[in-house]
Amino acid sequence: QVQLVESGGGLVQPGGSLKLSCAASGSIFSIGGMGWYRQAPGKQRDLVASITSVGSPNYADSVKGRFTISRDNAKNTVYLQMNSLKPEDTAVYYCNAVIKTRSSGPLSLAWGQGTQVSVSS
C-alpha cells in the first residue's frame with residue numbers, strides 16, 4: 001500500500017510564502033509524474049503544477065512566476081514553493097503521484113489527504 005502525506009499548509013498574509021511537501025511511502029517500485037492540485041469551497045479540483053520523473057515542470061497560468069514545483073527522487077517527495085500568495089490561492093491543496101508497486105505491475109494514481117492553505121489579512 002502507498003501513502004502520500006502532505007505538510008506545510010497554514011495561514012499566511014497576502015504577499016507571503018509557504019512551502020508544501022508531499023512524501024510518498026509504502027510499497028514503491030517507481031514514481032512517475034507528480035503533481036499538486038487545489039480545491040476551493042464549491043469549486044472543482046484544478047491542477048496547480050506537475051512535474052515529470054525527470055524534472056520537467058508544468059504550471060497553471062494562474063500560478064506561473066509565483067509557484068515552483070520540485071522533487072527529490074531519493075526521498076520520494078514533491079514540493080511546492082508558493083510565493084506572492086493571493087487570497088484567491090486559498091484552497092485545500094492535494095498532491096498526487098503515478099506509482100508502480102512492482103516492476104511488472106500497473107501504474108496507479110495515489111492522492112494525499114490534502115492540506116489547507118489560507119491567504120488572508
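From the list I51, I31, I99, which residue is in contact with a helix residue (DSSP H, G or I) (Cβ under 8 Å, 6 or more places away or on another chain) and of a type in the set (V, I, T)?
Numbers: I51 fails: in contact with a helix residue (DSSP H, G or I) (Cβ under 8 Å, 6 or more places away or on another chain); I99 fails: in contact with a helix residue (DSSP H, G or I) (Cβ under 8 Å, 6 or more places away or on another chain).
The match here is I31.
I need a count of the residues in the stretch 97-117 that are among the β-branched types (V, I, T), under 17 Å from A24 (Cβ atoms) and assigned to a strand (DSSP E or B). Step through it out loud before you land on a result.
As a first pass, look at the stretch 97-117 and keep what is among the β-branched types (V, I, T): 98-99, 101, 115, 117.
Adding the requirement that they be under 17 Å from A24 (Cβ atoms) leaves 98-99, 101, 115.
Still in the list and also assigned to a strand (DSSP E or B): 98-99, 115.
Adding up the residues that qualify gives 3.
Of all residues in the stretch 64-96, which are among the acidic types (D, E) and in a strand (DSSP E or B)? It would help to see each step written out before you state the result.
From the stretch 64-96, those among the acidic types (D, E) are 72, 88-89; that's our starting set.
Residue satisfying the conditions is D72 alone.
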Given the conditions (1) surrounded by 12 or more Cβ atoms within 10 Å (Cβ to Cβ); (2) assigned to a loop (DSSP other than H, G, I, E, B); (3) not hydrophobic (A, V, I, L, M, F, W, C), every one holds for G15 apart from (1)
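Residues are listed down the side, and each one gets a yes or a no for (1) loosely packed, with under 12 Cβ neighbours inside 10 Å; (2) touching a strand residue (DSSP E or B) at 6+ places or on another chain (Cβ under 7 Å); (3) aromatic (F, W, Y); (4) under 20 Å from Q3 (Cα atoms):
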position: S62; (1), (2), (3), (4): no, no, no, no
position: N73; (1), (2), (3), (4): no, no, no, yes
position: T77; (1), (2), (3), (4): no, yes, no, yes
position: S84; (1), (2), (3), (4): no, no, no, no
position: A91; (1), (2), (3), (4): no, yes, no, no
position: S103; (1), (2), (3), (4): yes, no, no, yes
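Just so you know, all these numbers are worked out from the coordinates, no wet-lab data involved. Here the structure is a predicted model, which means the values were calculated and not measured. Neighbour counts run over all protein chains shown; Cβ positions are idealised from the backbone, glycine included.
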